[in-house]
Structures are given as structure tokens and as C-alpha cells.
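The values are calculated or read from the model by the stated rules, or taken from the named source; none is laboratory data. Everything numeric here is computed off the predicted structure, so don't read it as measured data. Cβ coordinates were reconstructed from backbone atoms using ideal geometry, including for glycine residues, and neighbour counts include every protein chain displayed. Remember, those area values only see protein heavy atoms, side chains included, never the ligands or the DNA or RNA. Shrake-Rupley method; radii C 1.70, N 1.55, O 1.52, S 1.80 Å.
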Amino acid sequence: MTNDWTDIKNSDCILVIGANPAENHPASMTWVNEARDRNKANLIVVDPRFTRTAATSDLYTSLRSGTDIVFLGGLINYTIQNKLYNEEYVKYYTNALTLVQPDFQGPADLDGLFSGYDAEKRSYDTTSWQYQIEKEAVTSTETDPETGQEATVTKELATIKQATSLDDPNCVFAHLKKHYARFTPEVVEQVCGTPKDEFLQVAELYCATGAVDKSGTIMYAMGQTQHTVGTQNVRSMAMLQLLLGNIGMPGGGVNALRGESNVQGSTDMALLFHILPGYLGCPRDTDVDYAAYSKQRFATTSYWVNGPKFFASLMRAWFGDAATKDNDYAYDYVPKTSGNYSWISLFEAMYANQIKGLVCMGQNPAVGGPNARFERKAMENLDWLVVMDLFETETASFWKGPNVKPEDINTEVFLLPAVDAVEKAGSIVTSGRRNQWRPAIAGGPGEAKEDIWILTQLVKALKEVYAPSSDSKDSPLLDLVWDYGDEPDVELVAREVNGYAAEDVKDASGKVLVEKGKVIPGFGTIASAADPGMIACGNWLFAGYFAEADDGTGAVMPAVKRRGQKDPGGYGFYPYWGFTWPANRRVLYNRASARPDGTPWAENKKVIWWDAEAGEWTGYDVPDFSKTKAPDAKADPAASGLGAQSGTDPFIMKSDGKGWLFAPSSLNEGPFPEHYEPVESPVQNPISSQQNNPVIKLWDTDADKDIGDKVGTADEFPIVCSTYRLCEQWQAGAMSRTLPWLAECQPDMFLEIGEELAQERGIKNGDQVIVRSARGQIQMVAMVTKRWKPFQVNGTKVHQVGMPWHYGWQGLATGDVANDLTAHVGDGNTMIPEYKVFLVDVRKA
């Protein structure tokens, strides 16, 4: 989340799209309803299904799954055509005025593609997407720090060229306007199946938040991300919010509703394959050394200029005295990525006998993975499988699952009993980036152990096995610091994550910033250190979270443990409750909550502002900006880091300090979101002849066999299907289907099917039905409902159905596995599977 759960109460309009918070995040509705009571805010819900959240809304409309880019593009076009955007915000805080290369072309010119596409490689050459650069040779006299001799040095300075008007045909805004002019209300109706009048009601309500005294928030979840265009779906929301001036504002933002209490924390700590803790990019095999890594992975004209220092402190935390300045902080110890190691790729490798061992910690891929029959078949190739969980899951028991003969399975399975979250102490990070400490409130049963205890035994055993080795490739394991005790102390882990001085930490002048052994107060200490390797910090973003802090009453404790309830400003920031990364900041990019001159946009939306007398930014939140940089500060093209950005550049982590309406890099399929149909779609793309995302990976392993990677077609599978969650069950079911009360609430796997489709297929409420896709078929009970209605798409009637994905063969409430039907295909950037759209057929059993 750019904001926080509690900040929702500051909103004037709440758009829920791709989420169902009333069912899946029910506590959030406290703040939604407070906004409605306090601000007379409207709750808008856009969803293919009439959900429990829709039932509470002020305005609901439907759209066909997989068409969010068109719907959101329609809102962007409506904003532009009706000049509802915050023009001052757009000009100063986004890259709207930035000039793009003259040879750039977009889908309006190239039938659904951008310039630079290579069909054979299924990728883009992004040269034409780049900014126009103006170069200037500057001569100066510099003194050599070693010899003291002066020399004349000529440097070439590069500045990004800017237009003087939003009408310049080569500026970002002009390209944006042209790109989205295609997404008219009529096209939204044609592609999404959303009635034009309902779309216009949404547009009128939500786009009114572009007024400076209003703010609108967008709440989204997996309904946006689990698509082959999931990244671009989220980007569409961010672009709309930038146009309306809703980023950096109280009651604004783009807010991801995480599915569990620590999903955000696990991401921050680098659960994903392409990052290190704190979102540091993983070194690649092309990064031959620390210098190359530092140059290629971190923008030198943003706050990421400190990325190499954060990496160095991370290496000191991991490898201790073995990570020194002289050996590039043990850079060679870190594995280098050379491919895609996302979920689908791993199971494809496992299926191909390339992976022989798997450790599953609190995961249940036998139920949760796409094309789950394929993934369970892949597990049969494992020599060993370790499962750490509360119960025997379907993953732990895959060898005795449906249509499996145990005598044919050679995998050795180790089931290690783990304790539940409430049975262990530690910190978790909520969706709002708020880090909170949770004490253990009960002991685990029997031999169940905490994860940290299990991992400690594993590390100790591995170190003992490799102790005699003198092979340098074993050094990373032998030098790994693991000093949390035989009965590991989680507070020692927290101390390391926060960061502490492994030696006296000094700045460039020799001044001691932090004495050896003390925790650091924040990541600014790492940035200021002459040698960041003197600090051991497990995650720079969490720096300060375990440092001593006031709880607002004068009591001092580690910041993450605070429960102070003071709320200066009344925005619901509660700065003395826990610790929100980064730097205990509640609203990201909050420099944008003030005008370019530093005054608030409106009195009722003031978060931070420039105090000219004091010469600093002040307010109710920690400024997401250089505290003493004046609004009229000029950018220095010769400088690095934030010195290269001006006093009106709020997006300090971007190389140009601007919010990107146009992305010249980082996204594989284009600088603007473009509509492509899901891999399995009942219709041809009405926007262009480019049917699917042109950069996605298409797997076809054993496509000719019963179990394999197959793509269904509309002639055989004419119905769209989505999976989703229930309030009464939890994720892949291991924690909820074992509980009698929840099993009684939702005892069976079921299919929600609309009345019209049910009548066509002769299905009545309570009937058993067979749902079949190209990957297999499963059986369940039919729930005939008014919540699904057919869509009219470009003259074609499209039916959609839905089912929960919680069920499996273990526990008290059992049922067939929904993901036996889903496809092995993922987003063009993150590879998250396309669970929200796949084709099926339905018949009465």
C-alpha cells in the first residue's frame, strides 16, 4: 500500500476493483465505512461477480474478467477528455512534459504493439521508448585527492529534455492522450460488457477526486494481479491516480490488499526470486563484479544511489567478518541469477527432473499451484520433500492423492510439525507497511517447533557436514553468520534485521555516527557511512524498527513494539503504534501532498508542508523527501543521488524524480498498458489483432498427454471461469478445513453459476456438476445464483462462473482441487499465474 488501512477513512471516494474486502479483508470495512460516515464518501465496486462487497456499495457495475485495462483506460480517457486531471500536479510531479524519442510508436499506430517488437524473440528493443537527452560539455578544475595536483576536467552532462506545453506531439502527455483516446465509453461497453451508462456513473463519481480538496483511493487484490497483464493492470491504476493527483495524498494512493498478515513482510524480506531484502535487485550472471552490479542495478540520480551501500550492509549481516571492502563485501558469495525462477518455471524444471529436492514452509502447492495435476506429477520426480506445516497437507500427502498409486512413488517425504503464528513471537508487516510485534500467546502441541528453531538445526547440521571442506565454493555456507543461540532468540534476529554497528561507524569526516554494538537509528546511517560494511543490516527498509523509540507517553521501547495511540492531525496515522517502513512514514511520496511551492493543496488534505522560517518540511507525517530541500531548489545535472533532483521531484526513488505516466524501462510489454485478451478467451481481441500479451512465456510440455500444458479453445470450452476466496476458508485450506466450525460454515466445494446458464444446462441449485477445462475435470455442487449474469461482448454473449480454490482431499471439509483446471501461464513481468481467467465447460453430473 502507498497509504495504510487506517488512511482509507480520509478518502472521498473508494474504488474497489479486483478485490472483495468485505469478505477477504473484513477489518478494512471499518475504515471504508468511517469514510462514508465522515466524508460522505462513495464506495464503488467493479467486479465480474456481485460480491459481498458489492452488496454494501453505493455503486456497483460488472466487467468481464481480464478487461481491467480497458475499463481503467476508459477512466483515464474520461479524465483527459473532461480535463479533470490536476494539471499543476501532472506538470510538476509526473513525466507528462518529458519528450520521448521521435520514432516512438504505440498500439494506435502498430495494431496493438509498440515500436521495437521482435516477434521471434517475443521481446522488445526499447530504444525508441527512451527520453530525449540533451548533452552539454562542462569544463572544470578538480584536485586529485591523492596527489593534490589540479587538473582540467571536461565532463559531458546529460539532461532530460522537457516540452513547454502538454500539447507538444512528442511529450509523454500527448502520447498518453493519443493512446487512451481509443478507450471510449462505447469501447468499454463493447470489450468489458459494462453498460455504458453504468461506466459513466463510475467515471463521474471517481474522476471528480481530481479536485484539490478531494482524494480517492483504489483498493485492489489478486483480481488485478492474477492475469497475463497483471503488472499493467496495477500500472493502469497508478497512472489514473497520478493524473488525478491522488498519490501522496491522505485518503488516496494505490493500495494492495494482501491476503495474509505478513505477505507484505515476506515480500519485503525477498521471498520473490528476483530481489534481495529491501527490494535490492538480485545480481545477475552478467554483473561480473560488485562495481558492475552497483552500476547496472541502481539509478545514480535517485535515492537508489545508496543501493550499493545497502547491499554492503546486508552482506555484513549475512557473512560477518568475511565481508570486507577489500573483497567487495563477499559479492562472489551471492548466487547470480541467470534465468526465471518463478513458481511455474520451478515446477516445469521439477517436471523435467532438474530439481530433486523441495522444502515447503507453510505452502501447499498441491492445491495452490496452477495446473495442479501437472505440479503434483512433477513432485513424483523428487528424491525428497520436506514439509513444515501444522497439519498433513495435500502437498505432504501428494503420494496418496487422487489417481496416485503410493507404491509407484519413490519420493521420501519428511513432515516437520510447526507451530502456528500465535504460538511464536516476532514481527509482521501489514499491507500498509506497518511493522508490528506479536508475542507468543500459547505453546505449540507435542513436538511442534518454531520455524526459526527448525532452520537453526538445519543450518547447524549443514555447517557440521561441510566443516572439513577447504573448497572455496563452500565458503558462503561456512562463513554464514547464524548467531541467534541454540534455542534461537527472535529478538537477536530482529536486531540484525534493524541493523547494528559491527564496528564504530564513521562518516567521511571521521565522525563516529554509531558506536560498535549499538543498533542504528535508521537507514540514513548506512547512506552516511564512509564504509557501509561496518554495519550489519538485514533489511535497510526496516532500519529503525527495533531501535529504542518513544511511544508518545514517554515510555521507551523498540519501535515495532509500541502501541501508542496518539494521532496528531487526526488522519489515523498513529505514528507511535509500531513502525511503518520506510522511516516510520505512513504516506509514500507525501511531498506530492503539497503544491510545488510547498503549501498544502487544501487545508483538509494537508499532510506535510514547507516551513520557510525553519527551513524544513514539517507536518503530521515523516516527509518522504530531503527534510531541508526547499521547494525552489534546482536540480544539479552534475550531481548524483537526490542532488540531481529538484525541490519539485517527489518520487525520489525514480531516476528523474517523477511519477511515470510513461515507463521507458522496467516493463516488458510496453511503456503504456495495452489490452490483450487472456490466453484462454471466448472472444477475439476487439481492440487489435494482437490477441494475447506478446511477451508472455507459453509452455507446451506434454501438451499431447493427459497431464500436460494445454490451452483450451472457446469452441470446446465456451465459459469463462475464475477462482476466489471465501471468508470462512483460508488459502489452500490447511489451516481452516481442519477446524470443525469453519468446515461446518463452508463444507463443500461448489460452483457459482448464473441462473440463465444453469437453465440452459439443465442445472438446479444443489445438483452435482462436472466442470472441465483443457487440463482436467472436477466435480462439485452447483450454487445457482443471481450474482453472475452474462456479458454482451462485441455482439457475443459470454457466460462466466466462479469457484473457491480452498479445497483438497485432506481435513474435515474436502473437495476437488480447483487448480486442477487452471493453466500454466503467467504475467509478462512477474509470472504470477492467470488464475482469474480460464475456459471451462459445465454439465450436470
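Site pair ASP111 and LYS400 shows an inter-label distance of 5.8 nm when each label is modelled 7 Å from Cα along Cα→Cβ.
Tell me the net charge near PRO804. Cut-off is 14 Å between Cβ atoms, PRO804 excluded, with +1 for each Lys or Arg and -1 for each Asp or Glu. The partial results should precede the final answer.
Values: positive: ARG49, ARG52, ARG725, ARG737, ARG787, LYS836; negative: GLU23, GLU728, ASP748, GLU752, ASP816, ASP820.
That sum, taken over residues with Cβ under 14 Å, equals 0.
You can think of it this way: the chain between ASP197 and ALA181 has 3.9 nm of extra reach, that is 0.36 nm per residue less the Cα-Cα gap. Taken along the Cα-to-beta-carbon direction at a fixed 7 Å, the label points for GLN162 and LYS121 span 3.4 nm.
Within the shell of other residues whose beta carbon sits under 14 angstrom from the beta carbon of ARG52, the net charge comes to 0, with Lys and Arg scored +1 and Asp and Glu -1.
Hey, what number do you get for the chain at 222 nm if only DSSP H runs of n ≥ 4 count, each worth -39500 (n - 2.57), divided across all residues, to the nearest 500?
On the way: 22 runs with 183 residues, N = 845.
Calculated at 222 nm, the ellipticity per residue is -6000 deg cm²/dmol.
Distant-in-sequence amide contacts of VAL679, defined by a placed amide H-H separation under 5 Å and a gap of 5 or more residues or a different chain, comprise THR228. The distance between label points at ALA633 and GLU744 comes to 6.2 nm (points 7 Å beyond Cα on the Cα→Cβ vector). The phi-based Karplus calculation (6.51 cos²θ - 1.76 cosθ + 1.60; θ = phi - 60°) puts the 3J(HN,Hα) values of segment 747-764 at x, 9, 5, 8, 10, 7, 9, x, 4, 5, 5, 4, 5, 4, 9, x, 10, 10 Hz, whole numbers, x for Gly and Pro. In the context of the full set of protein chains, residues of segment 745-813 present 42 Å² of accessible surface per residue (probe radius 1.4 Å, heavy atoms only). Under 19 Å from a point 7 Å along the Cα-to-Cβ line of GLU760: which residues of segment 156-199 have their amide N that close? Output list for this probe position: 190-195. On full extension, the segment bounded by THR599 and ALA440 gains 52.7 nm, given 0.36 nm per residue less the C-alpha separation. 3J(HN,Hα) couplings calculated from phi for segment 151-156 with the Karplus curve 6.51 cos²θ - 1.76 cosθ + 1.60 (θ = phi - 60°) are, in sequence order, 8, 8, 10, 10, 10, 9 Hz; Gly and Pro show x.
As an exercise, use a Förster radius of 30 Å and the Cβ-Cβ distance of TRP482 and THR337 to find the FRET efficiency, rounded to the nearest 0.05. Walk me through the numbers on the way to the answer.
On the way: r = 24 Å, r/R0 = 0.80.
Calculated value: 0.80.
Under 5 Å between amide hydrogens, built in the peptide plane, is the criterion, and for LEU276 it picks out GLY281, CYS282 among residues at least 5 positions away or on other chains. Only one of (i) 0.96; (ii) 1.25; (iii) 1.08 was calculated from the structure for Cα Rg over 2.2 N^0.38 Å, and its label is (i).
Could you please report the charge total around VAL234, scoring K, R as +1 and D, E as -1 over all other residues with beta-carbon less than 11 angstrom from its beta-carbon? Don't jump to the answer; show the numbers that get you there.
Working: positive: ARG235; negative: ASP68, ASP827.
Around VAL234, the charge tally is -1.
Between GLU87 and ARG843, residue separation times 0.36 nm minus the direct Cα-Cα distance comes to 266.8 nm.
For segment 392-447, what relative contact order do you get, as a whole percent, if you take Cα pairs closer than 8 Å and at least 6 residues apart?
27
Which whole-number percent gives the relative contact order of segment 139-252, counting Cα pairs below 8 Å spaced six or more residues apart?
Working: 74 pairs, mean separation 16.7, N = 114.
Normalised by residue count, the contact order of segment 139-252 is 15 percent.
From Cα pairs below 8 angstrom and at least 6 apart in sequence, can you work out the relative contact order of the chain, rounded to a whole percent? Value for the chain: 16 percent.
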